[in-house]
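Trainee: Handing you this structure, nothing more for now.
The values are calculated or read from the model by the stated rules, or taken from the named source; none is laboratory data. This is a predicted model, so every value here is computed, not measured. Neighbour counts run over all protein chains shown; Cβ positions are idealised from the backbone, glycine included.
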Amino acid sequence: MSQEYDAKINLHLDINHGLDRVTELVQTRLIECGWRDQVRLACRKAITENEKHIPTVDELIATVTPKARSMVPDSVKRELLHELESILINVDKFGYSKSF
Amino acid sequence: MSIVGCQHLQSYKKTSKNKNTFKWIHAVFVVNSTSKSLKTKLCNSRCRVCKKRGPFLHACLECVFFGCHKHIREHAKSQKHSMSMDLTYGQMHCNQCHDYIYDSEIDAIANDNKMKSKTCKKRLFEIDTWNPTSDERDYLRSKTKKICITPDSTIGLRGLLNLGQTCFMNCIVQALMHTPLLRDYFLTEEHNCKGMSGRCLVCEVSKLFQEFYNGTRVPLALHELLHLIWTHARHLAGYEQQDAHEFFIATLDVLHQHCLETMPDLKPVNVGKNSRCPCIIDQIFTGGLQSDVVCQKCNGVSTTIDPISDFSLDLGPVTVGGRPPTSLVDCLERFTRAEHLGENSKIMCSNCQSKQESTKQLTMNTLPIVISFHLKRFQHMNEVKTHTKSKQKSLISSQMEKKISTTISFPEMLDMTPFMSRSKTDSPFPSDNRYSLFAVINHIGNSINVGHYTAYVRQLQDYWYKCDDHVITRATLKEVLDSEGYLLFYHKHVLDYD
């Protein structure tokens, strides 16, 4: 059941560009609240701190990700949650169950 | 100069099939241009190992494999496939170098795909690289000092020495130097002079901008500028005090002429039916004044539009005994009021082919980017004489000019919408016609020939400075708005596209 439901949700998100819309929304919000600048600063700091070796992107992701996650403002999280909830509520209404 | 990626990428690129693979994957998964590719994308864009959508979903470029950040690296290691592509931004990753790589050829393919995309994805265009030219490289290497603009920085503020009653020039120069659009024009070196050096006023102004914004704090002496003005506007020559407004108009005029003379490449800009002068001065300072003459008999309207670059506003009472204006908006209302032309000045009406009494109304057809208001504080005495004669009073003062010192209040933000011409072809969207104050010139003294000029200028959006020749002091907005005001400079708040 849960696997079926997952597939249904995924399909729903894809067909209606729901995921695209949500990603776009979150990106906009994160830029607006200054999160992106903070992360950029954190990355810069991580690069300049390590003088001997310039970190690769993968290493940078590993060091900055936990910090960046914790910096996401609660309001953005709440809005995202709300958005996802409203999408899930509408899943059955639109009834996109046809498969490719 | 082209960026060349690592050697592994070079050997990968050797086969044209591989390049096509990249192009196709980029078009489908990163740009996602057609609806058919959307289907392909949706069916495949999940990690083959953990069945999740990401984060950082990558595609292997050497076999058919999609993986999230963790699993693509594992795949590359176990299968010895070095090339993979990130599917969010389309960056290439080389697993032998353990990092993302940049390559001009790959970038060109990616850019080509982006341009063919049907929907614009902002994130794809945000990370464009800047390729400085060799000149720019050298310059950046030699100039390593950082200049930080803070509310306390004095960059852009220079005192100007008084060369014997040249305060009229100093205050106008201060106002021009702090005109945002003019500053941007000159600091980006848009003026490519083809004229004789040392003869062009535009070059002189360009030089002045460099002097103002290079961070030095020593006062400047403007003898070269003064000399150029003297040679090109003869009526201002000499060491007497001049009218700042007259100087302003003359300067704009000379600048406009020199722009056209020294830059023969300029082409007239066509806006609707009217062609506009392409020079920067007219682009910034000139608007269109519409004058509607309405015949009283047949109500026929004849409309003419004239270029206007300064607004001279009367301050005296409208009629004898009437209420004199007390604010800038009052003055503008009076300026745009329908005026009855009277019996003595009948105008030939083109509609009824006879001379008729008519009314005339002035309105703004097009607004300039910078509006300068001139409050007519100096009144010629002969006007006053006739006025006083009728009241049977004798004149007390013997001066030729009289100064009207009534307080005229002016706002920081001015909306010009009420003074615009109304036409049938107006777009349904209201345009933003707000203007913000950025410079005020004051005259201290009793007559046009004596006295002193000072200027208030706005710097860094919200900071005001009082420029009194070589002395510059910080001022408050209240001080500025409470000052008497002789010339007021407003800059358009929102710039429209032509």
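Trainee: Assess whether A:V64 counts as being part of a helix (DSSP H, G or I) and within 14 Å of chain B (Cβ to nearest Cβ).
Mentor: yes
Trainee: Right, next: Of all residues in segment B:186-226 being free of Cβ contacts under 8 Å to residues at least 40 places away in the same chain and among the hydroxyl-bearing types (S, T, Y), which is farthest from B:Y239 (Cα to Cα)?
Mentor: That would be B:T188.
Trainee: Testing B:R334 on (1) within 27 Å of B:L252 (Cα to Cα); (2) assigned to a loop (DSSP other than H, G, I, E, B); (3) not β-branched (V, I, T), one condition comes back false. Which one is that?
Mentor: (2)
Trainee: Next up: Starting from residues that are polar (S, T, N, Q) and away from every other protein chain (no Cβ under 14 Å), keep the ones in segment B:14-32 and report whichever is surrounded by the fewest Cβ atoms within 10 Å (Cβ to Cβ).
Mentor: My answer is B:S16.
Trainee: A follow-up question, please. In the set B:C60, B:C68, B:C43, B:C50, which member is within 14 Å of chain A (Cβ to nearest Cβ) and surrounded by 14 or more Cβ atoms within 10 Å (Cβ to Cβ)?
Mentor: B:C68
Here's the yes/no breakdown for (1) in a strand (DSSP E or B); (2) modelled with pLDDT under 85; (3) out of contact with any Lys or Arg (no Cβ under 6 Å at 6 or more places or on another chain):
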site: B:L437; (1), (2), (3): yes, no, yes
site: B:I441; (1), (2), (3): yes, no, yes
site: B:T473; (1), (2), (3): yes, no, no
site: B:V480; (1), (2), (3): no, no, yes
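Trainee: When B:R158 is evaluated against the numbered criteria (1) more than 23 Å from B:A244 (Cα to Cα); (2) in contact with a Leu (Cβ under 7 Å, 6 or more places away or on another chain); (3) charged (D, E, K, R), which criterion, by number, is the only one it fails?
Mentor: Result: B:R158 passes all but (1).
Trainee: How about segment B:482-498: which of its residues are touching a residue at least 12 places away in the same chain (Cβ under 8 Å) and either in a strand (DSSP E or B) or of a type in the set (D, E, K, R) (or both)?
Mentor: Of everything in segment B:482-498, those that are touching a residue at least 12 places away in the same chain (Cβ under 8 Å) and either in a strand (DSSP E or B) or of a type in the set (D, E, K, R) (or both) turn out to be B:E484, B:L487, B:L488, B:F489, B:Y490, B:H491, B:K492, B:D496, B:D498.
Trainee: What number goes with the only condition from (1) in contact with a Phe, Trp or Tyr (Cβ under 8 Å, 6 or more places away or on another chain); (2) away from chain A (no Cβ under 13 Å); (3) within 25 Å of B:Q7 (Cβ to Cβ); (4) surrounded by fewer than 22 Cβ atoms within 10 Å (Cβ to Cβ) that B:S78 does not pass?
Mentor: Unmet condition: (1).
Trainee: Output the residues belonging to segment B:451-471 that are small (G, A, S) and assigned to a loop (DSSP other than H, G, I, E, B).
Mentor: Listed by number, the list holds a single entry, B:G451.
Trainee: Can you name the residue in segment B:425-435 that is surrounded by fewer than 21 Cβ atoms within 10 Å (Cβ to Cβ) and either in a strand (DSSP E or B) or β-branched (V, I, T) (or both) and, of all such residues, is modelled with the highest pLDDT?
Mentor: B:R434
Trainee: Residues of segment B:138-162 being farther than 22 Å from B:K207 by Cα and either of a type in the set (S, T, N, Q) or surrounded by 12 or more Cβ atoms within 10 Å (Cβ to Cβ) (or both), which ones?
Mentor: Across segment B:138-162, the qualifying residues are B:T144, B:T150.
Trainee: Under 6 Å between Cβ atoms, which residue pairs at least 6 apart in sequence (or on different chains) link something in segment A:21-47 that is of a type in the set (G, A, S) with a partner that is surrounded by fewer than 15 Cβ atoms within 10 Å (Cβ to Cβ)?
Mentor: What qualifies is A:A42/A:K67.
Trainee: Would segment A:23-30 turn up any residue that is over 21 Å from B:Q91 (Cα atoms) and not in a helix (DSSP H, G or I)?
Mentor: No, segment A:23-30 contains no residue that is over 21 Å from B:Q91 (Cα atoms) and not in a helix (DSSP H, G or I).
Trainee: Please give the number of the condition B:E333 fails out of (1) surrounded by 16 or more Cβ atoms within 10 Å (Cβ to Cβ); (2) charged (D, E, K, R); (3) modelled with pLDDT of 85 or more.
Mentor: (1)
Trainee: Could you check, for segment B:164-185, whether at least one of its residues is of a type in the set (D, E), under 24 Å from B:V254 (Cβ atoms) and under 20 Å from the mean Cα position of the chain (by Cα)?
Mentor: Yes, segment B:164-185 contains at least one residue that is of a type in the set (D, E), under 24 Å from B:V254 (Cβ atoms) and under 20 Å from the mean Cα position of the chain (by Cα).
Trainee: Something else: Taking segment B:81-102 only, how many residues are farther than 20 Å from B:K41 by Cβ and either within 11 Å of chain A (Cβ to nearest Cβ) or surrounded by fewer than 18 Cβ atoms within 10 Å (Cβ to Cβ) (or both)?
Mentor: Here the count works out to 10.
Trainee: I would also like to ask the following. Does any residue of segment A:45-60 turn out to be exposed (fewer than 15 other Cβ atoms within 10 Å of the Cβ), of a type in the set (A, V, I, L, M) and not in a helix (DSSP H, G or I)?
Mentor: Yes - at least one qualifying residue is present in segment A:45-60.
Trainee: A further question on this structure: Could you check segment B:458-476 and list, in sequence order, the residues that are more than 22 Å from B:H491 (Cα to Cα) and in contact with a Pro (Cβ under 7 Å, 6 or more places away or on another chain)?
Mentor: B:H470
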